[in-house]
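Data first, discussion second: the structure below is written as structure tokens.
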Amino acid sequence: MENRVYNFAAGPSMLADDVLIRMKEELFNYKDTGMSVMEMSHRSKIYLKIFEETKDTLRRVMDIPEDYEILFMHGGATGQFAAIGLNILKGNKADYVITGNFSKKAAQEAAKYGEVHIAYDGKDNNYSHIPLQDELGLSPDARYVHICANNTIFGTEWKSFPDVKGKILIADMSSDILSKKVNVKDFGMIYAGAQKNMGIAGIAVVIIHKSLISEALADTPAVLSYELMQKNDSMYNTPATYPIYVLGKVLEWIEEIGGLEEMERRNRAKAAVLYDYLDSQAFYRPHAEKDSRSLMNVTFTTPDPELDVLFASEAAKQGLVNLKGHRLVGGLRASIYNAMPLAGAEKLVSFMRDFAKENDK
Ligand SMILES: *Cc1c(COP(=O)(O)O)cnc(C)c1O
């Protein structure tokens with residue numbers, strides 16, 4: 001594990017050392033099959049075991065009730081923006097809460113397949129704020145309410161979920177799934193691209209109440225149909241075999257460290273290191289409002305955009321990489337997903353102190 005950097009990328013992002021070590025151990029010869037998981041038929045007995053175990057472990061770790069289906073789909077979280085429109089909206093009306101770039105994209109995509117009502121849009125505060133209940137303009141005739149649980153680009157996160165008045169709540173949890181406990185029963189559907197907290201790029205994980213799975217719009221591509229995917233146990237076509245295997249390894253690791261309770265404790269401790277420092281000084285300015293801060297993506301700026309660039313390049317020389325913010329916010333962003341160790345956050349704060357001392361005029 002020499003020469004490994006602290007990778008603060010927003011996604012694809014870090015994997016835990018323990019996960020990588022096991023992937024390496026099993027790479028050439030998985031359990032005496034003489035082949036790697038990447039080379040196996042998805043219909044083989046040995047692969048089906050990996051597949052089923054991954055689903056079972058996800059169910060255990062997230063405490064997913066039996067009346068929810070777990071689907072592994074193609075097309076990332078972005079594919080789901082359309083799939084929700086095709087399978088659930090289907091010409092009806094839905095409320096979308098816009099708290100950042102991805103929730104906006106989700107709304108735009110769904111609007112191709114039904115009526116999308118924008119129940120809130122945080123553009124006036126440049127998405128630094130998660131709306132309170134009374135800021136939401138929910139419509140009485142919406143089929144569901146869609147939110148983005150953690151706003152990867154802007155660094156905000158829902159601390160508690162909105163009261164949707166008995167409606168179906170659908171959440172894009174791409175960047176905070178498995179970071180803490182959530183009550184799956186509060187949602188009609190949870191979905192996530194895997195490349196932030198669940199492993200590597202290539203699958204979208206869909207956790208959906210079975211009652212929401214029904215015939216999709218007639219023109220729906222087969223790979224985006226929940227009904228077809230359910231019928232074929234996510235193997236209507238070749239699933240992304242290796243990303244599913246990696247998800248299994250990530251879940252094993254989470255169980256070994258003590259599950260989502262311990263994961264959340266670690267994530268809170270890690271985020272506190274950064275936020276406590278940000279609150280103690282005046283050189284860096286955090287982007288997100290205090291009550292809306294994300295445990296996963298910490299966004300901030302230095303006093304000058306040129307210093308932001310210098311910060312990212314100087315940090316990289318110290319093994320702290322990918323700290324440049326997204327072009328929509330500018331500045332800097334430290335993504336501290338599950339796999340980022342506390343030592344990474346501590347080293348970053350130590351660098352931030354030194355950098356501020358040198359560049360504060
Ligand atoms: C990364 C991300 C997406 C996009 O995921 P893809 O798998 O690239 O489609 C969507 N929503 C959120 C919250 C994200 O962080």
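The values are calculated or read from the model by the stated rules, or taken from the named source; none is laboratory data. Just so it is clear, the model here is predicted, and its values are computed rather than measured. Reconstructed Cβ throughout: ideal geometry from the backbone, glycine too, with neighbour counts over all protein chains shown. Accessible surface areas use protein heavy atoms only, side chains included; no ligands, DNA or RNA. Shrake-Rupley method; radii C 1.70, N 1.55, O 1.52, S 1.80 Å.
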Span-rule helices in the chain, defined as complete DSSP H runs reaching 24 Å or more along the axis (Cα) with Kyte mean at least 0.0: 241-257
Restricting segment 34-78 to trypsin sites (Lys or Arg not before Pro) in coil, as DSSP defines it, with at most 10 other Cβ within 10 Å: 43
Estimated [θ] at 222 nm from DSSP helical runs (n ≥ 4, -39500 (n - 2.57)) normalised by residues in the chain, nearest 500: -10500 deg cm²/dmol
Three-way shape label, the chain, alpha-carbon gyration tensor, a/c 1.5: oblate
Pair residue 342, residue 31: separation of 7 Å Cα→Cβ label points (nm): 3.5
About the Cα centre, charge dipole magnitude for the chain (Lys/Arg +1, Asp/Glu -1 at Cβ), debye: 300
Distance in nm between pseudo-label sites at residue 123 and residue 218 (7 Å out along the Cβ direction from Cα): 3.5
Virtual spin-label span in nm between residue 115 and residue 5, 7 Å along Cα→Cβ: 5.0
Zone of residue 321's modelled label, taken as backbone nitrogen in segment 190-207 under 16 Å from a point 7 Å along Cα→Cβ: none
With at most 15 other Cβ atoms within 10 Å, longest stretch of the chain clear of loop GluC sites (Glu not before Pro) (DSSP): 67-214
Computed E for residue 186/residue 232 - FRET, C-beta separation, R0 41 angstrom, nearest 0.05: 0.90
Those trypsin sites (Lys or Arg not before Pro) in segment 317-359 that DSSP places in a loop and that have at most 12 other beta carbons within 10 Å: 327
Selection from 188, 150, 174 lying farthest towards where the dipole of segment 150-189 points positive, charges on Cβ: 188
Chymotrypsin sites (Phe, Trp or Tyr not before Pro) within segment 13-61: DSSP coil, no more than 16 neighbouring Cβ in 10 Å: 28
Candidates 100, 199, 344, ranked by Gaussian network fluctuation over the chain, Cα under 10 Å, top entry: 344
Accessible area of segment 55-208 belonging to carbon and sulfur atoms, whole % at 1.4 Å probe: 48
Among beta bridges that DSSP assigns inside the chain, antiparallel share in %, nearest 5: 55
